[in-house]
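The values are calculated or read from the model by the stated rules, or taken from the named source; none is laboratory data. Keep in mind that what you see is a predicted model, and the values were worked out from it rather than measured. As a convention, Cβ positions derive from the backbone with ideal geometry for all residues, glycine included, and neighbour counts pool all protein chains shown. Note: areas computed on protein heavy atoms with side chains; ligands, DNA, RNA excluded. Shrake-Rupley method; radii C 1.70, N 1.55, O 1.52, S 1.80 Å.
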Amino acid sequence: MDNFVEEVLLNHDQIVEASSRLGKVLTEEYKDKFPILIGLLKGSVPFLAELIKHIDCDIELDFMQVSSYRGVKSTGTVVMLKDIVTSVKDRHVLLVEDIVDTGLTLKEVMHVLDDRGAKSIEVVTLLDKPENRVVEMKPKYVGHTIPNKFVIGFGLDFNEKYRNLNYIGVLKESEYKK
Ligand code: IMP
């Protein structure tokens with residue numbers, strides 16, 4: 001185990017297995033809908049890449065990058081750094097996330113896409129940390145529900161590091177308190 005990791009929460013096989021399970025469900029539910037999968041940069045990239053290998057119907061891909069500034073804990077202001085290029089009007093949208101934590105980022109993004117006339121908007125996330133939610137947000141498609149711990153790997157970073165790990169681990173406290 002890497003020396004900065006407290007505990008491995010999901011190994012690579014478990015991530016692939018969760019992605020495969022979700023891919024099968026999405027194939028069933030979206031087979032005639034030509035959905036747009038919108039990956040939220042940067043963290044969703046490894047999961048999105050794995051997930052789409054298991055989706056066996058036509059899909060479109062696009063990407064959005066947002067950044068959340070949280071001066072006050074219970075409110076979140078989301079700034080759009082990169083917008084999608086596709087029109088979502090009358091389209092079925094699947095927002096792809098690495099993790100849902102407070103829910104603030106997705107709430108904002110869903111508002112934007114709703115205003116633009118998306119036909120449906122659902123969330124597919126590799127990880128869900130419901131204990132830390134500050135707004136009502138229930139992702140429909142979840143890989144694994146995890147405890148309220150700071151995790152890294154498979155897209156998830158700490159100060160931009162560790163996104164390239166092929167597993168999900170809990171970062172040792174000594175790494176961010178030093
Ligand atoms: P939220 O749901 O608006 O709080 O934000 C979700 C975003 O916060 C994710 O896309 C991650 O970028 C980041 N995040 C939340 N929890 C973690 C974690 O445990 N490790 C790394 N990034 C996290």
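Count the net charge of all other residues whose Cβ sits under 12 Å from the Cβ of Asn3, scoring Lys and Arg as +1 and Asp and Glu as -1.
For residues surrounding Asn3, the net value is -2.
With n ≥ 4 as the cut-off for DSSP H runs, can you work out [θ] at 222 nm for the chain, using -39500 (n - 2.57) per run divided by the number of residues, rounded to the nearest 500?
After summing the helix terms and dividing by residue count, I get -7500 deg cm²/dmol.
Of Lys53/Lys140; Lys33/Lys149; Lys33/Lys129; Lys140/Lys161, which ones are farther than 27 Å apart at the Cα?
In this structure, Lys33/Lys149; Lys33/Lys129; Lys140/Lys161 lie more than 27 Å apart at Cα.
Is any helix in the chain, taking whole DSSP H runs, at least 15 angstrom long along its axis by alpha carbon and on average at least -1.0 on the Kyte-Doolittle scale, and which ones?
12-30, 104-115
Heavy atoms only, probe 1.4 angstrom, no DNA, RNA or ligands counted: give me Met80, Met110, Met137 ranked by accessible area, highest first.
Descending order: Met80, Met110, Met137.
In the full protein assembly as shown, how much of Phe34 is accessible to a 1.4 Å probe, in Å² to the nearest 10?
Surface accessible to solvent at Phe34 totals approximately 100 Å².
Once you put a point 7 Å from the Cα of Val25 and another 7 Å from the Cα of His12, both along the Cβ direction, what distance in nm separates them?
So the two model labels end up 2.5 nm from each other.
In debye to the nearest 20, how big a dipole does segment 13-146 give about its Cα centre with +1 on each Lys and Arg Cβ and -1 on each Asp and Glu Cβ?
320
State, to one decimal in nm, how far the label point of Lys89 lies from the label point of Lys107, with both points 7 Å from Cα in the Cβ direction.
Taking the two extended label points, one gets 2.9 nm.
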